[in-house]
Amino acid sequence: MDFNLNALLKKINQFYLSAAIITLLGLYLIWKLYLFTDFLFSYNQEPEFLVKAQSYQVKVAPRATLPDLAIYNLFGVYHKAIKKTVKVSELNVTVQGIFASSDPKKGTVVIITNGKTKLYLVGDKIKEVAVIEEILDDKIIIDIDGVKEYIPYNNKNLEFSDNIDNQDFPPRIFKEE
């Protein structure tokens, strides 16, 4: 049996080092537990943060009345609506369909010009004279040389067709009277 003194000293040093680390961790945990329980069970003393908060003096603003609040325009400034009369356009086009959006600047419209059907967006030109300004549910607003006009969309002429022929593609769902 061979006796190795160097290996024995290493094992003893490792044992004492690990025991010292475990003891220090245990003491640290006991200290934290003491602080926690002292905080929980100290009914007679006010917490330190509360004592500091009470030492500050608070300045209270004078109470505002309703007319005072009106000055600040909390809900924005009221602008009286100006009614503009917009006349029906005499442009020779037909609105075939409208894909309206909650934002009038983001819709799409299907217009027939010179027998051709085309999709238009806000900002597009119709017949190189009119620019689409807004697309609403029932009309489109156009601008012809700075004058606002509208083209109505009459969707009352459309009805559902009961006779759908399977051989037609695309199927005709609507028929115009």
Taking the beta-carbon count within 10 Å as an exposure proxy, list Glu90, Glu149 from fewest neighbours to most. Glu90, Glu149
Over the range 87-156, how many pairs of lysines fall under 19 Å by alpha carbon, counting only those 8 or more apart in sequence or from different chains? 22
With R₀ set to 45 angstrom, the calculated FRET efficiency between the beta-carbons of Leu74 and Leu136, to the nearest 0.05, is 0.90
If packing is taken as the mean number of other Cβ atoms within 10 Å per residue, what is the order of 21-34, 114-127, 135-148, highest first? 135-148, 114-127, 21-34
At most 11 other Cβ within 10 Å, DSSP loop - GluC sites (Glu not before Pro), the range 111-143: Glu128
Nitroxide proxy distance, nm - points 7 Å out along Cα→Cβ at Gln14 and Lys148: 8.7
R0 of 45 Å, Cβ-Cβ distance Leu66-Phe99: FRET efficiency to nearest 0.05: 0.50
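Every number in this text was worked out from the coordinates using simple rules, so none of it is lab data. What you see is a predicted model; the values in this text were computed from it and never measured. Quick reminder, even Gly has a Cβ in these numbers, built from the backbone with ideal geometry, and neighbours come from all protein chains shown.
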